[in-house]
1. Using the Cα atoms as the points, what is the convex hull volume per residue of the range B:119-273 in Å³?
2. Rounded to the nearest 5, what % of the DSSP beta bridges within the protein assembly as shown are antiparallel ones?
3. If you average over every viewing direction, what projected area does the convex hull of the Cα atoms of the range B:401-519 give, in nm²?
4. So who's got an amide H within less than 5 Å of the one on A:G145, skipping anything under 5 residues away but keeping other chains? H placed 1.01 Å off N, in plane.
5. Does chain B come out rounded, prolate or oblate by the C-alpha gyration tensor, with a ≥ b ≥ c the root eigenvalues, rounded set by a/c under 1.5 and, if not, prolate when a/b is larger than b/c and oblate if not?
6. Give a residue-ordered list of calculated ³J(HN,Hα) values for the range A:87-101 (Karplus: 6.51 cos²θ - 1.76 cosθ + 1.60, θ = phi - 60°; whole Hz; x for Gly, Pro).
7. With a 10 Å radius around each residue's Cβ, average the other Cβ atoms per peptide and rank A:41-50, B:439-448, B:275-284, B:401-410, highest first.
8. Say R0 is 25 Å: what FRET efficiency, to the nearest 0.05, do B:A157 and B:T447 get from their beta-carbon distance?
Amino acid sequence: MHMSERADHKTAAMPVPAAGDWSPDMIRQEVASLQHEPGPLLPILHAIQARIGYVPEGAVPIIAEMLQQTRAEIHGVISFYHHFRTRPAGSNLLEVCRAEACQARGGRALERHVQKKLGVGYHETTTDNEVSLEPVYCLGNCACGPSIRVNDEIIGRVTPQKFDELVDKLTTSVLQLK
Amino acid sequence: MTITIYVPCDTTALSLGADRVAQELQVAAAELNKDIRLVRNGSRGLFWLEPLVEVQTPYGRVAYGPVEPGQVKELVAAGLFEGNPDHALYLGDIAQHPYLQRQQRLTFARIGITDPVCIEDYIAHGGFAGLKNAAALTPQGIVDEIKASGLRGRGGAAFPAGIKWQTVLDEPHDQQKYVVCNADEGDSGTFADRLVMECDPYMLIEGMTIAGLAVGATLGFIYVRSEYLLSRKMLDEAIRRAEEHGYLGDNVCGNGRAFRLEVRLGAGAYICGEETSLLESLEGKRGLVRSKPPLPAIKGLFGQPTVVNNVLSLAAVPYIMAHGGKTYADYGMGRSLGTLPIQLAGNIKQGGLIELAFGVTLRKVLEDFGDGSFTGRPIKAVQVGGPLMAYLPESQWDTPMDYEAFAKLGAGIGHGGVVVFDDTVDMGEQARFAMEFCAVESCGKCTPCRIGSVRGVEVIDRIRAGDNRDNNLVLLEELCETMVDGSLCAMGGMTPFPVQSVMKHFPEDLMASPRPVEA
Ligand SMILES: Cc1cc2nc3c(=O)[nH]c(=O)nc-3n(C[C@H](O)[C@H](O)[C@H](O)COP(=O)(O)O)c2cc1C
Ligand code: SF4
Ligand code: FES
Ligand code: FES
């Protein structure tokens with residue numbers, strides 16, 4: 001099979017469990033399967049976030065104990081990296097590129113449009129819990145900006161109109177799933 | 001007869017609908033009962049033409065582009081499967097395209113031509129020839145070849161790769177050493193690392209393996225930024241297949257030496273592109289910059305001797321080992337030898353990857369390759385080398401792309417990104433963003449960077465608001481000097497460069513009040 005046939009990559013809603021939908025055993029499993037690697041903490045945090053959708057506060061003491069580090073150390077690492085979230089995201093994660101090459105192609109106007117359309121700012125989630133909005137500083141798509149990412153899909157040359165169509169599609173596909 | 005069709009699978013092609021184009025081609029072929037073999041090749045880096053569909057014909061790989069989803073039916077009706085020229089999107093034999101013909105693709109010789117994860121394809125196009133040569137040499141022999149090539153680090157600091165490798169080789173042998181690939185590619189306007197990983201991942205594997213043999217390292221890590229999910233996926237698959245074929249493992253190329261590779265994901269921190277912050281991150285810590293010395297070459301990952309190189313530095317190695325350091329050094333000028341993968345981005349008509357010998361002028365890149373701005377308006381400023389580098393006004397575009405020539409301007413080549421802005425840009429806003437970005441991404445270890453950047457945003461806001469302007473301009477100049485002189489790393493130390501370039505070359509924009517935002 002060709003890697004690039006990304007049938008598994010199609011967007012729609014990511015099946016992310018709701019808040020509270022995790023157990024200490026899940027955390028223990030993820031830590032146990034990686035803790036013997038060199039420098040295991042980032043891989044562990046990635047694995048937890050991939051499984052649960054975020055890194056719950058309650059995971060910190062479990063990780064700390066199993067890695068024999070302090071809670072403060074684990075906490076410090078989680079808070080240092082923009083990628084890790086400590087609260088669940090909405091059904092869809094939307095990242096808008098704020099960096100220079102996208103600015104040069106109308107990225108700033110797109111940022112304003114997106115915030116207005118969704119009625120949220122960065123690091124916020126829409127009240128219907130459909131979309132969490134995050135800034136991103138470059139997606140490596142800099143010749144075809146402005147660029148955004150919706151869940152695992154990067155989209156280039158996004159105009160306000162293209163964005164509106166996308167949001168409509170996202171929200172209807174979620175409704176169909178429900 | 002089977003018709004071979006190519007549809008690229010890199011991030012940019014996908015971001016413009018390549019998957020849907022590929023599906024539509026399959027549907028169209030089924031409807032017409034055509035037997036097609038659909039190959040998902042890498043991108044050739046002619047991004048304004050993506051998705052670029054190619055058809056294998058007796059006259060070469062004939063291309064159509066940019067093909068939008070929904071356009072396939074019409075193209076097929078016009079004879080796409082036969083390579084028929086009667087369509088506005090017809091481009092002819094893509095290998096003859098002037099954008100490619102005018103380049104010197106040494107590192108990027110294969111991209112867009114091959115299926116990225118197909119190891120036979122890689123070998124058929126010269127892959128692993130460098131590793132075979134290296135495996136027959138002593139470690140010192142490999143390092144000497146890299147020195148002869150004149151290769152300097154492509155990650156930004158332009159440090160000679162051969163000297164770095166020598167330092168690691170000279171450390172005592174009876175200890176663990178590492179090769180770490182810096183694939184954090186955080187600079188806006190850059191995508192060449194991504195193209196290597198997505199479109200020719202075996203080249204990076206080969207380069208790292210050669211580095212391992214050269215310095216006596218048995219384990220390598222590729223630190224990929226978390227934004228690059230596709231790169232990660234391609235690398236994981238390529239590493240798996242390389243192991244299967246004996247190019248990685250306990251007995252690399254049958255010469256008895258071991259080398260293994262592992263991909264690690266970053267977590268959205270620009271500063272983790274700085275090599276010591278990256279090492280901290282790999283060790284599972286906050287990405288705080290370490291003070292040097294000790295150099296990573298002596299005390300790097302887990303305190304062990306470590307080669308840290310950018311993707312492009314390591315990707316240049318297979319060519320050097322296959323064709324000889326001297327051949328590589330025949331390209332370029334002065335102390336900038338070999339080729340530079342230029343990434344043309346932002347407001348430009350023909351953006352993409354342009355690999356050329358050092359020495360080409362920026363104007364040539366913008367005009368001959370870029371064909372002017374995307375919007376058709378005059379180009380006002382160009383930022384070369386990422387968010388920590390100066391904005392260049394037109395008077396500086398005749399400078400040759402050479403590390404020393406750019407340094408003389410107070411500018412830099414960095415990782416080779418070229419971001420173009422047309423005359424609608426508000427350079428005051430760009431100066432403000434430079435400070436804002438530093439405030440968001442500072443690792444927080446030193447005050448000039450952590451606090452200075454926040455103050456920088458405030459001072460620029462006051463200047464733009466006309467509040468005590470003259471005094472605030474002096475304050476901004478002093479703040480920039482403090483950051484340059486007092487920061488531990490280039491994050492705080494170079495953030496002032498774009499700001500100072502705006503003060504110098506575009507002062508009228510800095511003084512102008514921010515433009516009203518349309519509702
Ligand atoms: C703030 C900052 C960000 C950096 N980001 C990167 C990066 O994304 N990729 C990279 O290869 N080098 C980056 N560097 C340069 C690295 O510190 C280091 O010089 C490089 O990885 C060495 O490899 P090279 O010699 O092959 O260039 C950055 C440096 C600084 C100060
Ligand atoms: S200059 Fe900034 S990023 Fe660099 S070490 Fe200091 S605080 Fe960290
Ligand atoms: S600047 Fe937006 S994708 Fe690179
Ligand atoms: S099909 Fe090419 S490596 Fe298997």
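1. Values: hull volume 18.2 nm³, N = 155.
Spelled out: Cα convex hull of the range B:119-273, divided by residues, is 117 Å³.
2. Counting only bridges with both partners in the protein assembly as shown, antiparallel ones make up about 55 percent.
3. Quarter of the Cα hull surface area: 8.3 nm².
4. Here A:R157, B:G346 satisfy the definition.
5. Because a/c hits 1.5 or more and a/b fails to exceed b/c, chain B counts as oblate.
6. In residue order, the calculated couplings are 10, x, 8, x, 4, 10, 9, 10, 10, 10, 6, 9, 7, 4, 5 Hz.
7. Values: A:41-50: 21.6, B:439-448: 19.4, B:275-284: 24.3, B:401-410: 16.8.
So the order, starting with the most tightly packed, is B:275-284, A:41-50, B:439-448, B:401-410.
8. Values: r = 24 Å, r/R0 = 0.94.
Calculated value: 0.60.
No lab work stands behind these numbers, since they all come straight from the coordinates. This structure is a prediction, so every number in the text was calculated from the model and none was measured. Glycine gets a Cβ as well: all are built from the backbone with ideal geometry, and neighbour counts include every protein chain shown.
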